[in-house]
Structures are given as C-alpha cells and as structure tokens.
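Novice: Once you've had a glance at the structure underneath, I'll fire off some questions.
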Amino acid sequence: MITIERVETFHVSLPVRRAHKWTGLTEPIGGYVLVKLTGNEGTIGWGEAPVLKDWGGDYGRYYGETPGMTIQLIHSYLAPVVIGAEAGNIAELHQRMDGAIKGYPYAKAALDMAAYDLAGRAIGVPVWMLLGGHARDSIHVTHSIGLLPIEEAVRECVQVLSEGIRTIKIKVGVDPQRDIKIVRQVREAVGPEVDICVDANQGYSNPREAIRTIRSMESYRLKYVEQPVEGIARLAEVARAIDTPVMADESAWTAHDVLEIAERKAAEIVSIYTTKPGGLFRAMEMAAVARAAGLLCNVNGSVETGVGNRANIQLAAAIPGIMLSCVVPVSTPAEAQKGQMAGIYYKDDLIRAPFIFSEGSIKVPEGPGMGMDVDPAKVARYQVKSHE
Ligand SMILES: [Mg+2]
C-alpha cells in the first residue's frame, strides 16, 4: 500500500505573454500554489491550486482563495489528515479533507490531483485510467481572448487560426456596444467556419441587458454564450429569450449546481473545472450529472500552469459525455516556444516538455500518472518567497 508521507507547497508566479483579463478580475493570472506529495516508496505527485481572490460563484456562494490562505489551509488543516492516507483511495482522501474543514475547493483540488498523479505513477498507469478510461485521445483547444483592445484581439485571432485553432472565446461583459463590435470584427476577420463563443463572466447588469446584447451578436453566429449574468434564475431568463445556447460557469461549481441548472433549464452547457468542485474525483461526478441531465460540457479553468493543465487534460480525456472544445492552455516551457500564440498565455512553464499540439488539439499523454513531468528547477526559479 502506498501512503502519503509528505506534503509540500510552493507559491509560484509565471511571467505572462500578455495581460489576460476578464470582467471582475483585478490581479494577474499565474500567481498560483503548487502541491508536491511524496509517498512512502519515494514516488512523487504534483497538483496545483490556481487561486484567484476575486473569482467565485454567484452571490458569494463560492469565493476566492489567495496563495497565503491556501498554503496555510493546507499545512494547518489538510496535510495532517492527508498524511498517512492511501494514495489511490481518493474517496477516502476527500472524506478526510471534508471532515477536516468545509469548503476551500482549490486547496482540496491541488491535493486530489497530486494524489492521482502519485497513485498513477506508483502503479504505472495514466490518471485517465484511474478515472475510468479515455473517451478521446486528443482535446480540441479553444483559444481565449482576454479583454483586449479590438485591433489587438483581431490580430491575435488571425494568428491563432493560422496555428490550427478552430474555436475562439472572446471575453465580454464590460460594455455592450464594445462587445457587439468586437464580435462583428472578429467574425469578419476569421470568416464563417470558425466557432466563436463569448464569456461575460456575469458582467451584464441584468437579463434584459444581456438579452439585448446577445441578440445583436447572434447574426455573427455564436457557438455559445458563457455566464452572461449572475445567478441560475437569471441565466434561465436569458436562456429562454435567445437562440444561442447558454453555458454556465460561475453558476456551476458542484454536481448539485448542475442538477439545479438542469431542473431550472438555466443552461444547455456546463463548464467543468478540475478545481471548482475540489478535484478530479468531484469533477467526474459533475460530468456524470450533466450527462444524465442531457447537458453538454467542456473543461475550462483559470489559465493554470502546466502542472494543473496536466490534470485538465486527463479530465477532458476521461469524461464520457459530449465534450465541446476546451479552454485548456497549450503549456510550453520557454525552451520550446517558437512564437506560437495558440493556447499560450505564459512566457515559460513548469513542465519539462511541451504539450503536444497539432491541428488545434492537444494529444492526451499515455505515460503513468499525469503523463508529463514537472521541472523542479523551473518551480524553484518562479517560486515566490513571501505570500500575502
Ligand atoms: Mg468563464
């Protein structure tokens, strides 16, 4: 039996390729917490908590963590119950963590994915096998355009299409007139074939404003509109009034949320993260409820470093339901970067080898655990010594 013997945390900060902002976000991406677990046989597993203090659920139902909070939570409350746990017994790991402290899904997600990584490596199988198998062997990548000036956004869209991207997500939700204009200009620049989605991050002030804005965008063909307003009831109001499918993101953190979204017909698609529900184990539960309710899903995240994106790839591979293109970065260390923008948000990364990206998709790795190795030298280089 492999037991977890040691829990270490690292606060890192990766340099960004360009500022990546969305409605409500006030801090830079990439200042996240890594967790390293060591088993009694010396096997190692890594996880990540992409903590952002100002990204959360509807009406304070779920809320942000900061690196300092997450590190303290892990060492004061979670590590004492995780140490001594059986690495592959993920159900019991969650029971222990939930018994120690309620909530804090980001900290728990980091430990969950590190435990999967450790268990997979210890027994020599990929994490997707521990999750039930792989429903697909590559993951279509959606490239996310943050709140950028329109001309810069259009330039980036044109480049990423030439690099193989077939789905573009545009951050909106600040100013309806600007939002309609950017969708029109991107559609004119990219042509009719490419899928365009918009994500308002709850930014429209009420359903009426959202409905009016989305209706004006619909002639440019939107694949879906993500979280136009805050709250499940309001999402349902928007969903009833527009033709484009609605995706729930901030409204969908847990399997229970998915049930409520389905019951209230608030969305046709749910965005599943490894982190929102507290790890891969819980994310598979969300996917199961979505599938039973006839909802589509995709895997999305908080622009994790390669450490966390390894888990997002495993999740996107394993979910058996209908999987739309995923907003998973193409994590690439500096040595392997050659000017590609598609799926790249950081100037460097914390994994030894780049994700394999071809024809707009990331190949699902077949190696044990997360299938890709973390580079400890890079973790040390980007480690932040003082955390708030
Ligand atoms: Mg979103």
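Novice: Can you find, within region 189-232, the residue that is farthest from the ligand (Cβ to nearest atom) among those that are within 11 Å of V172 (Cβ to Cβ) and small (G, A, S)?
Specialist: A210
Novice: While we're looking at this one, here's another question. Take the residues in region 1-46 that are within 16 Å of the ligand (Cβ to nearest atom) and aliphatic (A, V, I, L, M), then tell me which one is farthest from K347 (Cα to Cα).
Specialist: Among them, the one singled out is L25.
Novice: If a residue must be in a helix (DSSP H, G or I) and away from the ligand (no atom under 16 Å from the Cβ), how many such residues does region 254-264 contain?
Specialist: Residues in region 254-264 being in a helix (DSSP H, G or I) and away from the ligand (no atom under 16 Å from the Cβ): 6 in total.
Novice: Here's a follow-up. Being over 16 Å from the mean Cα position of the chain (by Cα) and within 16 Å of the ligand (Cβ to nearest atom) is the filter here; which residues of region 47-61 pass it? Step through it out loud before you land on a result.
Specialist: To start, the set of residues in region 47-61 that are over 16 Å from the mean Cα position of the chain (by Cα) comprises 58-61.
D58, R61, listed by residue number.
Novice: Of the conditions (1) within 16 Å of the ligand (Cβ to nearest atom); (2) surrounded by 20 or more Cβ atoms within 10 Å (Cβ to Cβ), I165 satisfies every one except a single condition; which number is it?
Specialist: For I165, the failing item is (1).
Novice: Out of (1) touching a residue at least 40 places away in the same chain (Cβ under 8 Å); (2) surrounded by fewer than 20 Cβ atoms within 10 Å (Cβ to Cβ); (3) not in a loop (DSSP other than H, G, I, E, B), what's the single condition that is false for G56?
Specialist: For G56, the failing item is (3).
Novice: Quick one: how many residues across region 265-294 are in a loop (DSSP other than H, G, I, E, B) and either within 10 Å of the chain's Cα centre (by Cα) or buried (at least 24 other Cβ atoms within 10 Å of the Cβ) (or both)?
Specialist: Matching residues across region 265-294 total 9.
Novice: Please list, ordered by first then second residue, the pairs with beta carbon atoms under 8 Å, 6 or more apart or interchain, first in region 63-78 and under 16 Å from E5 (Cα atoms), second among the polar types (S, T, N, Q).
Specialist: I74/T9; H75/T9
Novice: Just to verify a result, which residue in region 168-178, among those that are in a loop (DSSP other than H, G, I, E, B) and more than 19 Å from the chain's Cα centre (by Cα), is nearest to the ligand (Cβ to nearest atom)?
Specialist: G173
Novice: Go through the residues of region 127-137 one by one and say whether even a single one is away from the ligand (no atom under 15 Å from the Cβ), over 27 Å from V374 (Cα atoms) and assigned to a helix (DSSP H, G or I).
Specialist: Taking every residue of region 127-137 in turn, none turns out to be away from the ligand (no atom under 15 Å from the Cβ), over 27 Å from V374 (Cα atoms) and assigned to a helix (DSSP H, G or I).
Novice: Here is a further query. Kindly provide the set of residues from region 324-379 that are in contact (Cβ under 8 Å) with a residue 60 or more places away in the chain, closer than 24 Å to G39 by Cα and not in a loop (DSSP other than H, G, I, E, B), ordered by number.
Specialist: If the condition is that a residue be in contact (Cβ under 8 Å) with a residue 60 or more places away in the chain, closer than 24 Å to G39 by Cα and not in a loop (DSSP other than H, G, I, E, B), then G369, V374, V379 are the ones that fit.
Novice: Hey, another quick one. So, K181, is that one in a helix (DSSP H, G or I) and over 21 Å from the mean Cα position of the chain (by Cα) or not?
Specialist: For K181, the condition - in a helix (DSSP H, G or I) and over 21 Å from the mean Cα position of the chain (by Cα) - is met.
We did not get these values from a lab; they are worked out from the coordinates using the rules stated. The model shown is predicted, which means the values in this text are computed figures rather than measured ones. We place every Cβ from the backbone using ideal geometry, glycine too, and count neighbours over all the protein chains shown.
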